[in-house]
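Beneath this line is the structure, given in structure tokens, with notes to follow.
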Amino acid sequence: MNSILDNRPALKAGIWKVAEVAGYLWQKGWAERNGGNITVNITDYVDDALRALPALEAPRPIGTVLPHLKGCWFYCKGTQKRMRDLARDPMGNGSVIRILDDCASYEIVADAPVAPTSELPSHLSVHNYLIATGSPYKASLHTHPIELVAMTHAKKFLEKDVATRLLWSMIPETKAFCPRGLGMVPYMLPSSVELADATIRAIDDDYDVVMWEKHGVFAVDVSIMDAFDQVDVLNKAAQIYISARNMGFEPAGMTEEQMKELSDVFGLPK
Ligand SMILES: [Zn+2]
């Protein structure tokens, strides 16, 4: 079967990176059923021949107007599709879409008319924000990391930067690889405009990884692998914290002096 990935090695590699990450999400136990979403800005990989291809279906409304997305192309997980299936068949479980000039609708230009995730408006709103601010970030990831979600069931960890400081102090690499820490968004209805807006406010507050209380994380970065890595590093720190608690003690954590030395030597934000 012909694929739009044929003879487009950069686009193909980019989409297979998403498949690789989808496999990791499943292996980690973070992607039950159709849980989680990935949207990647693939505009840089799109050539004139691809731009000239007809859409597979009539345009669909995004549900909002996103002026910075004019002419942008995205790969996104399909609605009701599973990460474990996307891992072996990214074009059968995800979609390539182009945003139309009205910035309010999109068309599917892909191998099959796979409808994008119902979370598309919120993911695209984040990408619209990223482009508006000149960010180099191209990828957004939503997933359900077990230990991080568990922590949000305790009120004390929902206060600003309480979880960040705890997680950073569990193992030095956490601050080195997640220097902006973990933002917190209080519980809001999944898929709601309010949740999307609060997520953008948290990203604007300089977080790359935002925790949704009792739900999951939303992460942004230059690539899908980098977004995954930040969540993986933070969840590892949460696992170390929980392991210590399971052994019956509150972990000491790195000292303030050790954290300061780390920040000074590696040039991390204070
Ligand atoms: Zn979710």
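When the stretch 162-254 is described by a simple charge dipole with +1 on each Lys and Arg Cβ and -1 on each Asp and Glu Cβ, the residue from ILE242, GLY183, VAL209 located farthest towards its positive end is ILE242.
Out of the DSSP beta bridges found with both residues in the stretch 145-270, what percent are antiparallel (nearest 5)? Of all bridge pairs located within the stretch 145-270, approximately 50 percent are antiparallel.
Applying both filters, DSSP loop and at most 11 other Cβ atoms within 10 Å, to the trypsin sites (Lys or Arg not before Pro) of the stretch 98-193 gives LYS160. Phi angles of the stretch 18-24 translate, via the Karplus equation with coefficients 6.51, -1.76, 1.60 and θ = phi - 60°, into HN-Hα couplings of 4, 4, 4, 5, 4, x, 4 Hz per residue; Gly and Pro are given as x. Beta-bridge orientation, the chain: approximately 85 percent antiparallel, per DSSP, counting only bridges with both partners inside.
Label positions at ALA104 and GLN258, each projected 7 Å from the Cα along the C-beta direction, are separated by 5.6 nm. Backbone geometry of the stretch 198-204 corresponds, through the Karplus equation with coefficients 6.51, -1.76 and 1.60 at θ = phi - 60°, to 3J(HN,Hα) couplings of 5, 5, 5, 4, 5, 5, 5 Hz, x marking Gly and Pro.
What number comes out for the charge environment of LYS17, summing +1 per Lys or Arg and -1 per Asp or Glu over other residues with Cβ under 13 Å away? Residues near LYS17 contribute -2 overall. Taking all Cα pairs closer than 8 Å and separated by 6 or more residues, the relative contact order of the stretch 1-135 comes to 29 percent. Dividing the mean sequence gap of close Cα pairs (under 8 Å, 6+ apart) by how many residues the chain holds gives a relative contact order of 19 percent.
Exposed loop sites here are chymotrypsin sites (Phe, Trp or Tyr not before Pro) assigned a DSSP state other than H, G, I, E or B and surrounded by at most 12 other beta carbons within 10 Å; excluding them, the longest clear run of the chain is 1-186. With contacts taken as Cα pairs under 8 Å and at least 6 residues apart, the stretch 145-270 reaches a relative contact order of 32 percent. Let me spell out the model: positive unit charges on the Cβ of Lys and Arg, negative unit charges on the Cβ of Asp and Glu, origin at the Cα centre of the stretch 167-270. What dipole size does that give, in debye rounded to 20? For this selection, approximately 300 debye.
Taking the fewest neighbouring Cβ atoms within 10 Å as the starting point, the ordered list for THR164, THR43, THR143 is THR43, THR164, THR143.
Here the extension length gained between ARG60 and ALA132 equals 23.6 nm, from 0.36 nm per residue of separation less the Cα-Cα distance. Each Lys and Arg Cβ is given +1 and each Asp and Glu Cβ -1; about its Cα centre, the chain then shows a dipole of about 520 debye. Sorting 191-200, 4-13, 79-88 by average packing, meaning the other beta carbons within 10 Å per residue, from highest down gives 79-88, 191-200, 4-13. Of the cross-linked pairs LYS12/LYS214; LYS12/LYS77; LYS70/LYS214; LYS77/LYS160; LYS214/LYS260; LYS138/LYS260, those separated by over 27 Å at the C-alpha level are LYS12/LYS214; LYS70/LYS214; LYS77/LYS160; LYS214/LYS260; LYS138/LYS260. In summary, the aspartates and glutamates within cross-link reach of LYS155, defined as a Cα separation below 19 angstrom excluding same-chain residues under 8 places away, comprise GLU147, GLU213, GLU250.
Counting 0.36 nm for each residue step from LEU189 to GLU159 and taking away their Cα separation leaves a gain of 8.8 nm. Which trypsin sites (Lys or Arg not before Pro) in the stretch 186-253 pass both tests, a DSSP loop state and at most 16 other beta-carbon atoms within 10 Å? Sites meeting the loop and neighbour criteria: LYS214.
Quick note: the coordinates plus some simple rules give every number you see, no bench work behind them. Just so we're clear, the structure is a prediction, and the values are computed from it rather than from any experiment. Ideal geometry is used to build each Cβ from the backbone, glycine not excepted, and the neighbour counts take in all protein chains shown.
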